[in-house]
Amino acid sequence: FNFQGGGFEDILGGMFGGGGRFGQSSGGFRGYGGPQKGQDIVSSVTIDFFEAFHGDTMSLTTSEGRTVKVKIPAGVADAQKIRLRGKGYPSPDGGEAGDIVLTVKVKKHPVFDRDGLNIKVNVPVTFVEAALGATIEVPTPDGETVKLKVAPGTPSGRSLRVKGRGIKTAKGTGDLLAVIQIAVPSHLDDAAREALEQFTAVAPTENPRADLLSEAKR
């Protein structure tokens, strides 16, 4: 098979050359003297995050010249199997043809991470934005951005939920979870350092690790 279009890997090539993992059979059993089902063709395909998110259509061309259309449904998950019934090897004695079984592998994305039907994205904010509150822009998998309000005193690790902007499948729709990550500046000039020292002098004296230390002794 050769993959055509859609950015899919050509991993089914050479299927009939006798090598690799191709042409595994889960059929081919004769039941009560009836015709024998053709063998299944078992393989895998690798797609990127957005192809999995939006869905796509690909073409498989067999060595015999047959073209098979495969619809990758929107929201397909990593390791999910797609079965094309009757598109595998023909029966040797007039029975039902086998199937093509594709295992979909979804590449990792540098920003978005799937969690069930939800999509997580880590969003850096400054200490000032987290302490005083702010309105920030957050990317979404469909290419748009949304504005979110960061409440004053928001801690690192808190998730802000955007309803309905996650994975969309026939079984349901997930949300976008913007996980706040407070970004600490790696370099401070003298004025900024002096301002922080002045803030430290008037800041609350509570220990943010007090609960951690007490829980660790239980």
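Read-outs: derived from the displayed coordinates by stated rules, not from any lab. Just so you know, these numbers come straight off a predicted model, no measurement behind them. So basically every Cβ, Gly included, is an ideal-geometry build from the backbone, and we count neighbours across all protein chains shown.
A few points about this structure:
- Residues R66, R165 arranged by fewest to most Cβ contacts within 10 Å: R66, R165
- For region 33-122, the set of GluC sites (Glu not before Pro) satisfying both a DSSP loop assignment and a count of at most 11 other C-beta atoms within 10 Å is given as E64.
- Rounded, prolate or oblate (a/c below 1.5 giving rounded, otherwise prolate when a/b exceeds b/c) for region 177-216 by Cα gyration tensor: oblate
- Rg and Dmax of region 79-172, Cα atoms only, in Å: 21.8, 75
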